[in-house]
1. May I ask you to list the residues of region 99-139 whose amide nitrogen lies under 12 Å from a point 7 Å from Cα along the Cα→beta-carbon direction of A56?
2. Could you work out how far apart the two model spin labels at L32 and Q158 are, taking each label as a point 7 Å from the Cα in the direction of the beta carbon, and quote it in nm?
3. Once you have a ≥ b ≥ c as the square roots of the Cα gyration tensor eigenvalues for region 93-155, tell me rounded if a/c is under 1.5, and otherwise prolate or oblate according to whether a/b is larger than b/c.
4. For the chain, what is the mean residue ellipticity at 222 nm derived from helices alone (per DSSP H run of n ≥ 4: -39500 (n - 2.57); sum divided by total residues; nearest 500 deg cm²/dmol)?
5. For the chain, give the percent of accessible area contributed by carbon and sulfur heavy atoms, probe 1.4 Å, rounded to a whole number.
6. May I ask you to evaluate 6.51 cos²θ - 1.76 cosθ + 1.60, the Karplus curve with θ = phi - 60°, for each residue of region 29-36 and list the ³J(HN,Hα) values in order in whole Hz, giving x for glycine and proline?
7. Per residue of region 131-145, what does 6.51 cos²θ - 1.76 cosθ + 1.60 with θ = phi - 60° give for ³J(HN,Hα)? Whole Hz please, x for Gly and Pro, Karplus curve as stated.
8. Between D91 and T148, with labels modelled 7 Å along Cα→Cβ, what's the label distance in nm to one decimal, could you check?
Amino acid sequence: MTAAAYPQLMSLEQWRALPEAPEQRVELQEGLAIVSPRPTPAHSRAASRLWQQLAAQLPDGFEALQEVEVVIDAATPATVRIPDVIVRRTDADDSMITADQVVLAVEVVSPGSRRTDHVMKRSEYADAGIAHYWIVDLDSPATITVFTLGPNGYVGDQHSGEVTVESPFPVAVALDTT
């Protein structure tokens, strides 16, 4: 097999030039387009409720956003992820959200994203320096794992029900999955 048989790994510029695909969720992982189904109603509901709770409690100078592209690594082959919710500073550049703007990334686990959320994204977000990462798992009982970036990667604890954190700012969220 020749090198021509392998697809070319995309650069960030090539990625940004692609047309939007609203019927699919497409992320870029080390230059390869990764396609997954749009979120289920339960997934979307959980992400929206977390977004609402976060947005209502954020201090001045921060904003919560849902399903926006975050450039994790701009070098070719590039990585671009779409966390379910992010928190960033409001003075950040709107033309392209980069990992250094993100103070919190939240992923809601879907049936096909468990390994990606717990392994791949956890590693990528840590390598990119995102200080706080939450993983919400809707399996009964629903849990949220709150990670903080330490010198050797993320460390954290799993919670159910209501979760209160002090960093990166004081906030309390409830895991209501109904």
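1. No residue qualifies, since no backbone N sits under 12 Å from the label point.
2. For the pair L32/Q158, the computed spacing is 2.8 nm.
3. Numbers: a/c = 1.99, a/b = 1.51, b/c = 1.32.
Because a/c hits 1.5 or more and a/b exceeds b/c, region 93-155 counts as prolate.
4. Numbers: 3 runs with 31 residues, N = 178.
The per-residue figure over the chain is -5000 deg cm²/dmol.
5. Numbers: 4970 of 9570 Å².
Carbon-and-sulfur percentage of accessible area, whole number: 52.
6. Along region 29-36, the couplings run 10, 6, x, 10, 6, 10, 9, 9 Hz.
7. Each residue's phi maps through the Karplus curve to give 5, 9, 9, 10, 10, 9, 10, 7, 4, 6, x, 4, 9, 10, 9 Hz.
8. 2.4
The values are calculated or read from the model by the stated rules, or taken from the named source; none is laboratory data. Just so you know, these numbers come straight off a predicted model, no measurement behind them. Because the Cβ atoms are built from the backbone with ideal geometry, glycine has one as well, and the counts that use them run over all protein chains shown. Ligands, DNA and RNA are excluded from the accessible area calculation, which covers all protein heavy atoms including side chains. Shrake-Rupley method; radii C 1.70, N 1.55, O 1.52, S 1.80 Å.
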